[in-house]
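Visitor: First the structure, then my questions, so here it is.
The values are calculated or read from the model by the stated rules, or taken from the named source; none is laboratory data. Remember, it's a predicted structure, so these values are computed and weren't measured experimentally. Cβ coordinates were reconstructed from backbone atoms using ideal geometry, including for glycine residues, and neighbour counts include every protein chain displayed. Quick note on the areas: whole protein, heavy atoms, side chains included, nothing else; ligands and nucleic acids left out. Shrake-Rupley method; radii C 1.70, N 1.55, O 1.52, S 1.80 Å.
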Amino acid sequence: MTEAISSSQKTTGAKPRRLSDGMFAFLLTVPGLALLLAVVVYPLITALVTAFFRQSLVTPGREFVGLQNIVDVLQGDFFRLLGQTLVFTLGTTIAPFVIGFGLALALSTKIRGTKVLRGVMLIPWLIPGVVVSFLWMWIFNANYGVMNALLEGVGLIDRPQAWLAHPTTAMIAVIVAKTWQSFPWMMVMLLAGLQTVPHELHEAAEIDGAGTVRRFFSITVPQMRGIIGLVLLLEFIWNFQHFDIIYVLTGGGPAGATQTFATAVYETAFTGFDLGHAGAIGLLWMILLLGLVVVYVRFSERGEKR
């Protein structure tokens, strides 16, 4: 039969059909696209549509209410959540940047054990957020925490403090825990950026009499403007949607003092059972995130043009 098919093709002159490169490439992406649609796109659209319905986890059915959920959120705690989210985001972006930049400058010098120190410094970044939360929960514990023992030892406090039970100190504690986890990433990125700064510029400036501080602000910072902006933008976007350390360490408390958009959506949906208002918070949160993403894309395009 094979011989018959071969003889038929020879007789008619027909050639076996072959897929074009474009069709072959499309077929290769179909499994990934299907997974993306099922795991990301469909749940996202479903959650956003929920913002326009009155829907609960404890009662069946739902009722279309238009923009009422969004209005309720805007008239409620939205701006308090926005302020607290910004405080957390700015704190956990600026603090690790300063620490990471300082360590990057130190590790870029020719000192012994630099390679070992680089590896050791990465450990906090490799630890999962839940583990980091339990670690710092133990450090800030009011009864047997290391923080109270250290501060009492040097005389800065005269009695143990419940760091996670007071609104002001709770937010500071959460920022400290997140900073400890994220500064190694900043350090690695900035250290890589320092390697691109031409050493000849520093030598020329030193010959002209410029000191270390002057060379840092006149040469290092301008040469690293692109990587600095990229690192700050990425860290800001990630921290703006951070969840695990806040939720495990404080649960958004005390009295909602450390509540952010991420924890508020979770609490509203799965503790308050109000999917409609949770969807409205998520929709407004996503709009703000899209604005940050647009800034990031524009910044990246500008860097590519340079």
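Visitor: For the chain, give the percent of accessible area contributed by carbon and sulfur heavy atoms, probe 1.4 Å, rounded to a whole number.
Guide: Numbers: 12600 of 18660 Å².
The value for the chain is 68 percent carbon and sulfur by accessible area.
Visitor: Spelling out what I want: for every residue of segment 92-98, take phi, set θ = phi - 60°, compute 6.51 cos²θ - 1.76 cosθ + 1.60 (Karplus), and round to whole Hz; glycine and proline get x.
Guide: For segment 92-98, the Karplus-derived couplings read 7, 9, 6, 4, x, 5, 5 Hz, x marking Gly and Pro.
Visitor: For residue 218 and residue 38, compute 0.36 nm times the residue count separating them, minus their Cα-Cα distance, and round to one decimal in nm.
Guide: Details: separation 180, 0.36 × 180 = 64.80 nm, distance 5.04 nm.
The span from residue 218 to residue 38 would gain 59.8 nm if fully extended.
Visitor: Moving on. Expressed in nm to one decimal, what extension gain is obtained for the pair residue 86 and residue 151 from 0.36 nm per residue of sequence separation less their Cα-Cα distance? Don't jump to the answer; show the numbers that get you there.
Guide: Numbers: separation 65, 0.36 × 65 = 23.40 nm, distance 2.87 nm.
Length difference between fully extended and current span is 20.5 nm.
Visitor: Taking a probe of 1.4 Å, how large is the accessible area per residue of segment 201-259, in Å²? Don't skip to the end; give the middle numbers.
Guide: Values: 2910 Å² over 59 residues.
Result: 49 Å² per residue.
Visitor: Also, quick follow-up: Normalised by the number of residues in segment 42-194, what is the relative contact order in percent for Cα pairs under 8 Å and 6+ residues apart?
Guide: 28
Visitor: Would you give the gap between the C-alpha center of segment 144-162 and the C-alpha center of segment 38-53, rounded to a whole Å?
Guide: The distance from the Cα centre of segment 144-162 to that of segment 38-53 comes to 47 Å.
Visitor: Would you calculate the separation in nanometres between label points at residue 49 and residue 24, each defined as 7 Å from the Cα along the Cα-to-beta-carbon direction?
Guide: 3.9
Visitor: Below 8 Å, C-alpha to C-alpha, sequence gap of six or more: please give me the relative contact order for the chain in percent. Mind showing how you got there, number by number?
Guide: Numbers: 317 pairs, mean separation 85.7, N = 306.
So the answer I get is 28 percent.
Visitor: Find me the longest stretch of the chain that has none of the exposed chymotrypsin sites (Phe, Trp or Tyr not before Pro), where exposed means in a DSSP loop (not H, G, I, E or B) with at most 15 other Cβ atoms within 10 Å. List each step's numbers first, then the result.
Guide: On the way: sites that count: 144, 243, 273.
For chymotrypsin sites (Phe, Trp or Tyr not before Pro) (loop position, at most 15 other Cβ atoms within 10 Å), the longest site-free span of the chain is 1-143.
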